[in-house]
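The values are calculated or read from the model by the stated rules, or taken from the named source; none is laboratory data. What you are looking at is a predicted structure, and each value in this text was computed from that prediction instead of being measured. A quick note on method: Cβ atoms are made from the backbone with ideal geometry, for glycine too, and the neighbour counts reach across all protein chains shown.
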Amino acid sequence: MTSSVQSIENGPGDARSGGSLKQAFIYIGFPLAVFAICLMGKLGIIPIGGGLRVALIFILLVALMLTGMPVSIALGLTVLTFLFTLTNVPMDSVALKLFTGIEKFEIMAIPFFILAGNFLTHGGVARRMINFATTMVGHWHGGLGLAGVIACALFAAVSGSSPATVVAIGSIILPAMVRQGFPKQFGAGVITTSGALGILIPPSIVMVMYSVATSGMIVEGPSGEKVAAASVGTLFMAGVIPGLMLASLLGLTTWYRAKKGNYPRLEKATWAQTWTAFSKSFWGLALIAIVMGGIYAGIFTPTEAAAMSAVYAFVVAVFIYKDMKLSDVPRVLLSSASMSAMLLYIITNAVLFSFLMTHENIPQQMAAWITGTGLNWIAFLLFVNILLLLAGNVMEPSSIVLIMAPILFPVAVKLGIDPVHFGILIVVNMEVGLCHPPVGLNLYVASGITKMGITELTVAVWPWLLTMLGFLMVVTYVPEISLWLPRMLGML
């Protein structure tokens, strides 16, 4: 009855209704208009030159994403539109490229790392890591907050996923911080930003994405020499020092704000308590040595390390800590399979999009144009940071990496930027994107834990987000932060 009265009062000329119709017309009509232009070009009604073809690719992609369509489907429809209207590429070669593009050994690491992270999240590993971190720094200003930063760094080193890190650590430590007297905003800011360490401290799913997106690309350096893409193992080692540096900076920000606000501190733990907490968390911490040590020692590849970590996490969660029952395993497997399928679907469509970019010679044209304008590597990296931070406002990290990396990578190498340094730069940008609206995934995960609104969370994370932006500038213009360890290990 109420709704009927309301509809009569609003009437057909209601501004909100008209606005919605207008918005719907724009969202639907714009992609259709771009498609019509492509079709007219196919039929020879209007001439479409090379520059307009390139512009139409990105206009159609953006137009489809503005409709609210998932990025993966928008990528696929963009590619199909151009293949059927503006190119003469045989469909059998497209199908061949699709299968060969995803037939990469590195891609198998993604579902295994996701599975390992889910076992660890549900298997009590996070709680033991928090207890160990608390015994080390709990007596400092903002002790539980600092313990949260350290626990996030430790869990990041075994999970490879930022949302998993936020869930595993945040769901345990945030209620404890509130009970101890910390403001909820302070705890939310700590965990939301520290959880982003999950994609910088190796193993990292986003690093695997970058390696997959650029693998097989042999591009020219400044002197015309051939430069290959970075391997997953090299990227993992390159992320160690930046990850530890960012964790330290986030910890310093936490300590400073806690001291300034006179937030609670815990009693100093004895050596016996620290040792007990370490021994209880040992089986979880040992996974760090298994993955990183195994890769560096050449015992197994990053993909094999991912498989080992999944099996190890299962054994630890079910048989050693016994926090997970065998009856819970099918649920974890199904959840991991669902997330893996989503990422692999994005990768599949991104492979097709990359194929279209290569067919249209877009990366090479961009590299030639930028070098022709005299733009140096300093200005280019500033442009890349701005572009990726803007992209982080509308897309999640996996999509950004898979779309942008194949386009920007040849340009970066042409300007003399190391592929490994460029990969770490992209990953740090993705970290920042996880922590700011409107699509910052960590914000939504933290919102579910804290029951805080996105706007309130955005205000809460600003001190730590500014720290991350400052760190991004340092990593951008000091390549040795990323390259020193791989070079010392003989990987470069």
- Item | Filtered residues of segment 280-326 (kept if acidic (Asp, Glu) and not in a helix (DSSP H, G or I)) | Asp323
- Query: In segment 363-380, is there at least one residue being out of contact with any Leu (no Cβ under 9 Å at 6 or more places or on another chain), part of a loop (DSSP other than H, G, I, E, B), modelled with pLDDT under 80 and of a type outside the set (Val, Ile, Thr)?
  - Reply: yes
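Yes/no matrix, rows are residues, columns are (1) within 19 Å of Leu343 (Cβ to Cβ); (2) outside any helix (DSSP H, G or I); (3) β-branched (Val, Ile, Thr):
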{"residue": "Val190", "(1), (2), (3)": "no, no, yes"}
{"residue": "Pro202", "(1), (2), (3)": "yes, yes, no"}
{"residue": "Tyr210", "(1), (2), (3)": "yes, no, no"}
{"residue": "Ser223", "(1), (2), (3)": "no, yes, no"}
{"residue": "Leu235", "(1), (2), (3)": "yes, no, no"}
{"residue": "Gly243", "(1), (2), (3)": "no, no, no"}
{"residue": "Leu249", "(1), (2), (3)": "no, no, no"}
{"residue": "Thr253", "(1), (2), (3)": "no, no, yes"}
- Query: Can you tell which of Val166, Val94, Val178, Val158 is farther than 21 Å from Ile347 by Cα and more than 18 Å from the chain's Cα centre (by Cα)?
  - Reply: Val178
- Message: Every residue in segment 418-446 that is surrounded by fewer than 17 Cβ atoms within 10 Å (Cβ to Cβ) and touching a Leu at 6+ places or on another chain (Cβ under 8 Å), please.
- Response: Pro437
- Has segment 265-273 got at least one residue that is crowded, with 16+ Cβ neighbours inside 10 Å, outside any helix (DSSP H, G or I) and assigned by TED's automatic domain parsing to the domain that holds Leu154? yes
- Restricting attention to segment 377-392, does a residue exist that is surrounded by fewer than 16 Cβ atoms within 10 Å (Cβ to Cβ), farther than 17 Å from Phe422 by Cα and within 15 Å of the chain's Cα centre (by Cα)? yes
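Yes or no, residue by residue, for (1) charged (D, E, K, R); (2) farther than 24 Å from Val427 by Cβ; (3) at pLDDT 90 or above:
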| site | (1), (2), (3) |
| --- | --- |
| Glu304 | yes, no, no |
| His359 | no, yes, no |
| Asn385 | no, no, yes |
| Leu390 | no, no, no |
- Message: Could you tell me how many of the residues in segment 201-244 are without any contact (Cβ under 8 Å) to a residue 24 or more places away in the chain and over 23 Å from Lys104 (Cα atoms)?
- Response: 3
- Among residues belonging to segment 215-264 that are modelled with pLDDT of 85 or more and of a type in the set (D, E, K, R), point out the one that is surrounded by the most Cβ atoms within 10 Å (Cβ to Cβ). Arg257
- Query: So, in segment 117-168, of the ones that are in contact with a Phe, Trp or Tyr (Cβ under 9 Å, 6 or more places away or on another chain) and among the polar types (S, T, N, Q), which residue ends up nearest to Val445 (Cα to Cα)?
  - Reply: Thr165
